[in-house]
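Trainee: Sending over a structure as structure tokens; questions will come in a sec.
No value in this document is a laboratory result; all are computed from the given coordinates. Computed from a prediction, not measured in an experiment: that's the story for all the values here. Ideal geometry is used to build each Cβ from the backbone, glycine not excepted, and the neighbour counts take in all protein chains shown.
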Amino acid sequence: MTLQVIGAGFGRTGTLSLKMALEQLGFGPCYHMIEVFKNPLASQWWVDAADGNPDWDKIFEGYNACVDWPAATFYATLADAFPEAKVILTERDPEAWFRSTQATIFPLATPPDTDAPFDQLFRKIIARLFDYRMRDHDHVIDVFNRHNAEVRRRIAPNRLLVYEVEQGWEPLCRFLDVAVPNGAMPKTNTSEEFGQRFGGPSAKKPG
């Protein structure tokens, strides 16, 4: 298993649309948080990674790319582990991103404190990034902006694409050196679609 593309962007920056686009371009299967929900063992594997014992071969077996959380938290480690992989930082307007998180993946002031593997994953890999203050507007946006700036600093410019999915196929295909396909860029997982997929705004599952 060798990852060809590593997504460094936080959830709710168009990561599911990017997953679909990468798969359409031949870089699939692409790992996304929805893959965690498909595999009952995956949450514990990510908890192990958060505790300093990652098994990337096991986690990414059969995958050629990864985007979204939980992988985005480990983008720097993954970039070192797969030095030939290209890195894509998905971004969007910080205020729009914050509003989207509050309507979808951060509906609770604090994450559930249980031993369930997914709850541990959420606390250790996502909530910890925000000091467990996911409803604090200024703090959450500051973490978002600092993360994006750090990705720019850490990843060599010739290896990094800073990308908004609204930009469409051209910059993505140019970066990956593939032909632009016919048809529009995939666009999915709006806040409304998220609610339908995960049971409404009370759902805690990221996407």
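Trainee: Using only alpha carbon pairs under 8 Å that are at least six residues apart, calculate the relative contact order of segment 5-198 and give it in whole percent. Provide the component values of the computation, followed by the final result.
Mentor: Working: 261 pairs, mean separation 57.8, N = 194.
Value for segment 5-198: 30 percent.
Trainee: With a ≥ b ≥ c the root eigenvalues of the C-alpha gyration tensor of the chain, is it rounded (a/c under 1.5), prolate (a/b larger than b/c) or oblate?
Mentor: Working: a/c = 1.45, a/b = 1.24, b/c = 1.16.
Rounded, because the longest to shortest axis ratio a/c is under 1.5.
Trainee: Please list, in chain and number order, the residues 5+ apart from Lys86 or on another chain whose amide H is under 5 Å from its amide H, with Hs placed from the backbone.
Mentor: The answer is Val5, Ile6.
Trainee: Counting Lys and Arg as +1 and Asp and Glu as -1, what is the net charge of the other residues whose Cβ lies under 11 Å from the Cβ of His139? Working shown, then result.
Mentor: Working: positive: Arg133, Arg135, Arg146; negative: Asp131, Asp136, Asp138, Asp142.
That sum, taken over residues with Cβ under 11 Å, equals -1.
Trainee: Contour minus end-to-end for Asn158 and His137, with contour as 0.36 nm per residue of separation and end-to-end as the Cα-Cα distance?
Mentor: 4.2 nm
Trainee: Give me the dipole magnitude in Debye, nearest 20, for the chain about the Cα centre, with unit charges on the beta carbon: positive for Lys and Arg, negative for Asp and Glu.
Mentor: Numbers: 22 positive and 27 negative charges, 37 e Å.
Dipole size: approximately 180 debye.
Trainee: Still on this structure: Based on DSSP H runs of at least 4 residues, each adding -39500 (n - 2.57), what is the mean residue ellipticity at 222 nm of the chain after dividing by all its residues, to the nearest 500 deg cm²/dmol? List each step's numbers first, then the result.
Mentor: Values: 10 runs with 85 residues, N = 207.
Estimated from H runs of four or more residues: -11500 deg cm²/dmol.
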